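For reference, the structure is listed below as structure tokens.
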Amino acid sequence: MYRYIRRWSGGVSVNTFWRRLITVLLCQCVLGFTFIQYQNSEHQTVRDTSLAPRKQAPATLYQNASTDVTPNRNSVNVTSYNNSVNVISNHTKPVLPDCPLVPPDLNGKISVDMTVYSEKELAAKLPLVKNGGTYRPSSCAPRHKVAIIIPYRNRRTHLSILLNNLHPFLQKQQLDYGIFVTELAPQIDFNKALAMNIGFLEAAKKYGYDCFIFHDVDLIPENDNNMYTCPDNPKHMSVAIDKFDYELPYVKLFGGVTAMRKEQFEAVNGYSNKYFGWGAEDDDMYARIRTVGLAVTRYTSDVSTYRMLPHPPGYKNKNRLRLLETGTDRWKHDGINTIKYEVLTTVRQRLYTYILADIDQDDRIYQMLTTSQPNMNKPIRFLDEKVEELLIEKAKHLLNTNRLDPRVKHMLIFEFILSHSSTVTTENVAGILRKILPNFRWSTGAIQNVNNYHQEQRSADRDTKFQLLGGKLKDDMFSNIKMSLMINNFNENINKMMQKSFEEQRLYKKFQHQ
């Protein structure tokens, strides 16, 4: 045997042969052991990786009240692995492409659905709308984040029709939008501009919208190419309304449905808060836009068409034209930077967010003066006492009387607040009196001595009381005339009073020539 081993090993000794053989076997064992360890390490790494999301994910991402998520450390089954995969998918949402510049589902001219649904029926009809009246397309990333602000007062039927038409309209335009219905407390006269200011502030502050559509509740769009977005300049959207034969009534109109960016609305200080009742707040906004150097853009009348829902006419603000005349003088300190309000409730309804707000006491008093006759049985003080006292004293001096008629007093204070004057000057008071008593002929010295208020007071005989027919004392004849002037028609009341008694006419002429 040794002979055969020596022959096969090439003539080496037997001991050398066995040493070489054992060395080869040991090397093979080491290589085999190393390979087995490597395979075990690969398998353990894969197993640990599959378990890692389950160990690191917070409980709130996958835990619910009916599921026990305590891990079983003794086994790793298929269910636990699938759970870990689901957790990862919650963090890695697919990146959506931007929505196209021109939405593909627009049809142009559309019909208006005049059906009146209940809120429950509307909610079932519009399943894609989320709670609070919000929507975001699921197939693409929207290019615009838009808030629709709807001022509201007693128009439930109109609101139902508008929501039924507006939600599908906005969804076809692939917008990220929310609808906000803003209402003032019932005891406050309707103020559309004030309600829109509140809607803007709440939507911008809480929800982060950067484009705002201010929308009358009775206007329904008839063309879905009329994009509810905000361009570089404020946009007047309701150019052609069926009530006006689809023509723009006048160039300076900026009402109905309008669009403004957040920075644009802030630049013009929002709407004026002074327009209680119907009318002129939209023209005031147009003047603000032009004052700050912006332009108003419009689509053509074939695109920006609307149907107006029938409604009774609202009561007009009797001072709207006077407010409009002074609009460019007030805009910096009459708007969203001076508004005072309190949100009474915010309710995320199924198809819109409802905001009910109350206004500051000073604005309530202003509302009374602009929409109704002042109640003299309940005198209201809304200026600083010293300011009011100085204002009345200057007026009494200019009118040459020691008693100011209550109606004149209320109108005087109202006009002073409207002027937003920082100081009470004789010139300011004289200008206000000329405005509220346009047909009143002052004594010659009163006008000439406007700038000499601090000079010596006139003699007391100017305040002589006159005895009128019937034995009733009056402060002076001018006071009687001023009281009648504030009622309705200045000229007619003067003539009636002067024809009432020959004695009154004689005293009036005598006083004028003094």
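The values are calculated or read from the model by the stated rules, or taken from the named source; none is laboratory data. These figures come from a predicted structure and were not determined experimentally. Neighbour counts run over all protein chains shown; Cβ positions are idealised from the backbone, glycine included.
Going through the range 257-285 one residue at a time, which ones are surrounded by fewer than 21 Cβ atoms within 10 Å (Cβ to Cβ) and either more than 16 Å from the chain's Cα centre (by Cα) or small (Gly, Ala, Ser) (or both)?
Within the range 257-285, ALA267, TRP278, GLY279, ASP283 qualify.
Tell me which residues, restricted to the range 206-232, are surrounded by 18 or more Cβ atoms within 10 Å (Cβ to Cβ) and under 18 Å from VAL296 (Cβ atoms).
Passing the criteria: CYS211, PHE212, ILE213, PHE214, HIS215, ASP216, LEU219, ASN226, MET227, TYR228, CYS230.
For the range 179-233, what are the residues that are in a loop (DSSP other than H, G, I, E, B), in contact with a Leu (Cβ under 7 Å, 6 or more places away or on another chain) and under 25 Å from THR305 (Cα atoms)?
Those that are in a loop (DSSP other than H, G, I, E, B), in contact with a Leu (Cβ under 7 Å, 6 or more places away or on another chain) and under 25 Å from THR305 (Cα atoms): VAL217, ASP218, ASP224, ASN225, TYR228, ASN233.
For the range 241-283, give me each residue that is hydroxyl-bearing (Ser, Thr, Tyr) and either in contact (Cβ under 8 Å) with a residue 40 or more places away in the chain or assigned to a helix (DSSP H, G or I) (or both).
Passing the criteria: TYR246, THR258, TYR271, SER272, TYR275.
Please enumerate the residues belonging to the range 132-175 that are surrounded by 19 or more Cβ atoms within 10 Å (Cβ to Cβ) and part of a strand (DSSP E or B).
Listed by number, the residues that qualify are TYR135, VAL146, ALA147, ILE148, ILE149, ILE150, PRO151.
Quick one: would you say TYR246 is over 15 Å from VAL296 (Cα atoms), of a type in the set (Ser, Thr, Tyr), surrounded by fewer than 19 Cβ atoms within 10 Å (Cβ to Cβ) and modelled with pLDDT under 95?
On the way: over 15 Å from VAL296 (Cα atoms): yes; of a type in the set (Ser, Thr, Tyr): yes; surrounded by fewer than 19 Cβ atoms within 10 Å (Cβ to Cβ): yes; modelled with pLDDT under 95: yes.
So TYR246 passes the test.
Return yes when ASN233 is within 13 Å of the chain's Cα centre (by Cα) and within 20 Å of ASP284 (Cβ to Cβ) and no when it is not.
Here the answer is no, as ASN233 does not meet what is asked.
With the structure loaded, tell me whether TYR286 is of a type in the set (Ser, Thr, Tyr), outside any loop (DSSP other than H, G, I, E, B), over 20 Å from LEU184 (Cβ atoms) and without any contact (Cβ under 8 Å) to a residue 60 or more places away in the chain or whether it fails that test.
Yes; evaluated as a whole, the condition is true for this residue.
Would you tally the residues in the range 289-299 being among the polar types (S, T, N, Q) and part of a loop (DSSP other than H, G, I, E, B)?
Going through the range 289-299 one residue at a time, the tally reaches 0.
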